Structure formats: structure tokens, C-alpha cells
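Below is one structure, written out as C-alpha cells; comments come after it.
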Amino acid sequence: NAGVTQTPKFQVLKTGQSMTLQCAQDMNHNSMYWYRQDPGMGLRLIYYSASEGTTDKGEVPNGYNVSRLNKREFSLRLESAAPSQTSVYFCASILVKSSYNEQFFGPGTRLTVL
Amino acid sequence: SQQGEEDPQALSIQEGENATMNCSYKTSINNLQWYRQNSGRGLVHLILIRSNEREKHSGRLRVTLDTSKKSSSLLITASRAADTASYFCATNPLGGGKLIFGQGTELSVKP
């Protein structure tokens, strides 16, 4: 049981390049989330998927797209990277039941846009 | 805007002392959670307290919740150097499965 996995761990892009961050979970969770973490800002929600086949915008969705490929996988795409997207990106998942919403986090992807 | 505001932003104590971190939030919640993040790692869930609970314990952790003041505190007793990490509160607002995180408290425990 690997939990939540993310690839790649590190990435350097030039402004305007595109890339996809991959996330997968093997816990049969129904909800998945993408966050970015910047110094002094905590975690900010980019997009989330409450269930397979649905996606919704979070607090900072501009410049990103997501795909909930199946129940296990939730990818985040940067179509045209900008230096402002330099950040650490975390994927998380939840098995939503009653009012207990513990999130399980992946190890993160550290992205630098030059 | 973020739901949770944490205080202090940084805390430095000696091993054996207690560490207290505070979190304030703005809207009604289902529950409030505390997470820990070691440098360069993902977040790990520590403890959850529901809106109808006032206090909860887990090992050396004690969490309180005051919904009338919209605030929570995390107490780590008898701290250890291994407790050095950033600690985040996260609120689960009513009506949704999302979590909204505060900026975190950076705790340093010196041996």
C-alpha cells in the first residue's frame, strides 16, 4: 500500500513550457486534491475532484488544468508555465465518510520555472 | 482568502518544554484538523476535533476547540527534538469536503 504517490519529485521548466504532474492513490479514496505551497502562505487549493468524473476549482486555479483520469489518478497540467508557478505542489486524497475528512498527502513535487 | 490564521508563526523552545500553537478561523466548520510537515516532506495528519467537541487528546498532543471564538489550540507536552517541524491547522467548512489550511507555525525544539 503506497498511499499517495507523485511524479516527478523535482522539475525545472522554462517560461512557456508545459508539463503534467501525476498523482495516484491506492487507498480507494473518492476525493482528490491539488495544492501549492509557497513560503509563508500555507497550502492553497488549486483544484479538487470530489469523485471520479468531477472536478472543481479551488482558491488559485488560474494557469492550471486537471484531469481525473480514473478513481486512482488525478493529474495537474501547466499549459504555459510562468515564474509565478514556481512552488511545491502536493496531491492529497480523502475517503469521505460522515464528518471525518482526514487527508493523506503525497511527498510533493518541487517545481521551478525560470 | 485563507480560513485559518496561526499564531505564532515561529516558536523556539527547549526539549522538555511544552509548545502551544493557536489557530483562528472565520466560518462555521464540521471539524478542525492539525497536520505536521517535516522539512521537504508532505503533510501528515495528527488529530481531528469535531465541531461538537471541546477537547481531544492523542499521546502528547492536546487539542482544544472553542467554536464561539472560532479558535483552536494545539499543545505538545514534553517536547522532543524530533517534534521540530511545521504545524498547520486546517478547517473543514460546513457543506464541503475541502480543507482550508492556515499558514502554519514553525516549531523548533532545541536539544
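I'm trying to understand the selection: among the residues of the range B:92-105, which are crowded, with 18+ Cβ neighbours inside 10 Å and more than 10 Å from every other protein chain (Cβ to nearest Cβ)?
Result: B:T105, single match.
Scan A:E52, A:E79, A:E59, A:E73 and give me the residue that is more than 10 Å from the chain's Cα centre (by Cα), among the acidic types (D, E) and within 29 Å of B:E53 (Cβ to Cβ).
From the options A:E52, A:E79, A:E59, A:E73, the qualifying one is A:E59.
What is the one condition in (1) within 11 Å of chain A (Cβ to nearest Cβ); (2) in a strand (DSSP E or B) that B:S73 does not satisfy?
Just one mismatch for B:S73, condition (1).
Read through the list (1) hydroxyl-bearing (S, T, Y); (2) assigned to a strand (DSSP E or B); (3) within 14 Å of chain A (Cβ to nearest Cβ), then give the number of the only condition that B:S12 fails.
All conditions pass for B:S12, except number (3).
Listed residues B:S72, B:S39, B:S68, B:S58; which is surrounded by fewer than 16 Cβ atoms within 10 Å (Cβ to Cβ) and farther than 21 Å from B:E15 by Cβ?
B:S68 is the lone residue from the list that is surrounded by fewer than 16 Cβ atoms within 10 Å (Cβ to Cβ) and farther than 21 Å from B:E15 by Cβ.
Mind telling me which of the residues A:E59, A:E52 ends up being under 24 Å from B:S28 (Cα atoms), touching a strand residue (DSSP E or B) at 6+ places or on another chain (Cβ under 7 Å) and in contact (Cβ under 8 Å) with a residue 12 or more places away in the chain?
On the way: A:E52 fails: under 24 Å from B:S28 (Cα atoms).
Only one candidate passes the filter, namely A:E59.
Could you name every one of the strands (runs of 3 or more DSSP E) located completely within chain A that has at least 2 residues being at the interface with another protein chain (Cβ under 10 Å from one of its Cβ atoms) and either among the aromatic types (F, W, Y) or surrounded by 14 or more Cβ atoms within 10 Å (Cβ to Cβ) (or both)?
On the way: elements: A:4-7, A:10-13, A:19-25, A:31-38, A:42-49, A:64-68, A:74-78, A:87-94, A:109-113.
In chain A, the matching strands (runs of 3 or more DSSP E) lie at A:4-7, A:31-38, A:42-49, A:87-94.
Kindly evaluate B:K26 against the criterion of being more than 11 Å from the chain's Cα centre (by Cα), more than 13 Å from chain A (Cβ to nearest Cβ), assigned to a loop (DSSP other than H, G, I, E, B) and within 26 Å of A:P61 (Cα to Cα).
Yes, satisfied.
Computed from the coordinates by the stated procedures, all read-outs in this text should not be read as laboratory data. Please read these numbers as outputs of a predicted model, since none were measured by experiment. Here the Cβ is made from the backbone with ideal geometry for all residues, glycine too, and neighbour counts use every protein chain on show.
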